[in-house]
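*Asks:* Please find one structure pasted underneath; my questions will follow.
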Amino acid sequence: MNDHTRPVGEDDLMAYMDAQLPAGRHNAVETFLEQNPAVRARISVDNAIRDDLRRRLNPIIEQPIPDRLRVDAILRGLREARFRRIRTVAACVALLCIGSAVGWGARGMLPAPFSSGQQALMMATVADAVAAHRVFSVETVHPVEVGAAQEPHLVQWLSRRIGHRLAVPDLAKQGYVLMGGRLLPAGDQAAAQFMYENGSGGRLTVYVRVSPGDDTRFRFVGSRGVSIFSWIDQGLGFAIVGTIDRPQLLALADSVYQQLDPQHRPAPSDL
Amino acid sequence: MSDLAAQIEPHIPSLRRYARALLRNQEAADDLVQDCLERALGRWHLRRHDASSRAWLFAILRNLHLNNVRQLARRGVHVEFQEADGYASPDGDGERTLIVRDALHALATLPEEQRSLLLLVAIDDFSYQEAADLFKVPAGTIMSRLSRARANFRSAIEGGARVTLRRVK
């Protein structure tokens, strides 16, 4: 069919607006628009909308390019990222070598490290303890289920539910006063959380659940602003969580450990 | 290297404009452009030499945007960016500003595919063939999608303008 006589379609109208119409179709489209004022009106509305949109967006085109988007800056960033990656890998390899050497040299000298099953359980304990800390330590109306005023009842109740005799550590010497505690789910078992507060409103939680296995050393984890020390002692897994730095939290973890341990052994080293 | 800059930098203003129209927040838009440039420069040697670098850059930016939106949706994050008010209409005419603002709001109500298609063809002057390559459909399909996008855009503006005028009175 000849290019001039083919009827005008929606595709022609789009191409007309977008200046992508083949030269041979121009007359056909213009004749069509003269005969169809409604379509012509629609096209001019669409054109006006496009012009408005351009006016609105064009100031961005005229702005200078921000420094961080220059090709040189991007290339520099890519080079630095590559260098950082290489350095990280190198550091990991070095640490692995040192770690293996130290581990081999020190075999039998230190308390048992985590076995892999224990490792998984401790990771779950830490994750649950951190989640419970984040949820309840910001609570203003009901931070605890049973308040410190009913401490004997709190201890008796949580001990029965956990299936282990618990004691509430006294952290007054470090400036933290017991607020109370609550019962939490831990898989299909129960866990207990004790909450403390210092004079400036800083809160600390001690999380306890049954964790079969050998006793372990303290283990430190930092996670998005909170610090955690965790350990297993005589069948119980502990995690102490707070938004304070590592040395301060270590002193508190040490105190918790001492108080809960009947034989008053020295605290396990911070490793 | 300056050769590379000469090939890429002329497209940065229009990439920023496209990103800004997708995200409606200049800071987030520039982050997207930065991601796009990092991706492009990291794979510069992989691009097809017959393809235009402009179309290639726009395709990378759009894919990154779609990935971000999908990821946010998976994490249940509601994507809503505040609109900065830095772009008054240059002619300073109040009525015009209202219509112009409505055009951007109305654009944001369209599905991403229609929004991108309108921006690429009507604002960045992509040819139908370039748009067809980017969306991986035939050129004829681009024209019918464009017609549908324009109809939706028009009715979104007409609906939005009434709301705005009522609020102004």
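*Asks:* Which pairs turn up if I take residues in the range A:47-62 that are at pLDDT below 90 and look for partners that are open to solvent by 50 Å² or more (accessible area, probe 1.4 Å) with beta carbon separation below 6 Å, at least 6 apart in sequence or on another chain?
*Replies:* A:52/B:99
*Asks:* Among the listed residues B:37, B:41, B:4, B:61, identify the single one that is facing another protein chain (nearest Cβ under 10 Å), assigned to a helix (DSSP H, G or I), out of contact with any His (no Cβ under 7 Å at 6 or more places or on another chain) and surrounded by 19 or more Cβ atoms within 10 Å (Cβ to Cβ).
*Replies:* The unique qualifying residue is B:37.
*Asks:* Within the range B:10-34, track down each residue that is more than 21 Å from residue B:67 (Cβ to Cβ) and open to solvent by 30 Å² or more (accessible area, probe 1.4 Å).
*Replies:* B:10
*Asks:* Test residue A:54 against the stated conditions and say whether it is assigned to a helix (DSSP H, G or I), within 26 Å of residue B:158 (Cβ to Cβ) and either open to solvent by less than 60 Å² (accessible area, probe 1.4 Å) or away from chain B (no Cβ under 13 Å) (or both).
*Replies:* Here the answer is no, as residue A:54 does not meet what is asked.
*Asks:* When only residues in the range A:16-51 that are part of a helix (DSSP H, G or I) and at the interface with chain B (Cβ under 7 Å from one of its Cβ atoms) count, which is surrounded by the most Cβ atoms within 10 Å (Cβ to Cβ)?
*Replies:* A:49
*Asks:* Then there is this: Considering only residues that are part of a helix (DSSP H, G or I) and closer than 20 Å to residue B:130 by Cα, look in the range B:44-58 and name the one that is most open to solvent (accessible area, probe 1.4 Å).
*Replies:* B:46
*Asks:* Hey, can you tell me all the residues within the range B:117-157 that are away from chain A (no Cβ under 11 Å) and not in a helix (DSSP H, G or I)?
*Replies:* Within the range B:117-157, B:136, B:137, B:138 qualify.
*Asks:* Right, here's the next one. Using beta carbons and a limit of 6 Å, which pairs, at least six apart or on different chains, have the first residue in the range B:131-155 and open to solvent by 30 Å² or more (accessible area, probe 1.4 Å) and the second one not in a helix (DSSP H, G or I)?
*Replies:* B:152/B:110
*Asks:* Next up: Does any residue of the range A:151-169 turn out to be at pLDDT 90 or above, exposed (fewer than 13 other Cβ atoms within 10 Å of the Cβ) and of a type in the set (Lys, Arg)?
*Replies:* Scanning the range A:151-169, I find at least one residue that is at pLDDT 90 or above, exposed (fewer than 13 other Cβ atoms within 10 Å of the Cβ) and of a type in the set (Lys, Arg), so the answer is yes.
*Asks:* Please pick out the residue among A:234, A:174, A:156 that is over 15 Å from residue A:123 (Cα atoms) and touching a residue at least 60 places away in the same chain (Cβ under 8 Å).
*Replies:* Exactly one residue qualifies, and that residue is A:174.
*Asks:* Report, by residue number, each residue of the range A:170-187 that is open to solvent by less than 30 Å² (accessible area, probe 1.4 Å) and in a loop (DSSP other than H, G, I, E, B).
*Replies:* Within the range A:170-187, A:171, A:176 qualify.
*Asks:* When the range A:194-217 is examined, which residues are found to be open to solvent by less than 40 Å² (accessible area, probe 1.4 Å) and within 18 Å of residue A:233 (Cα to Cα)?
*Replies:* Across the range A:194-217, the qualifying residues are A:194, A:205, A:206, A:207, A:208, A:209, A:210, A:211, A:216.
The values are calculated or read from the model by the stated rules, or taken from the named source; none is laboratory data. Model, not experiment: these values are computed from the prediction. All Cβ positions, even for glycine, are placed from backbone atoms using ideal geometry, and neighbour counts span all protein chains on display. Accessible surface areas use protein heavy atoms only, side chains included; no ligands, DNA or RNA. Shrake-Rupley method; radii C 1.70, N 1.55, O 1.52, S 1.80 Å.
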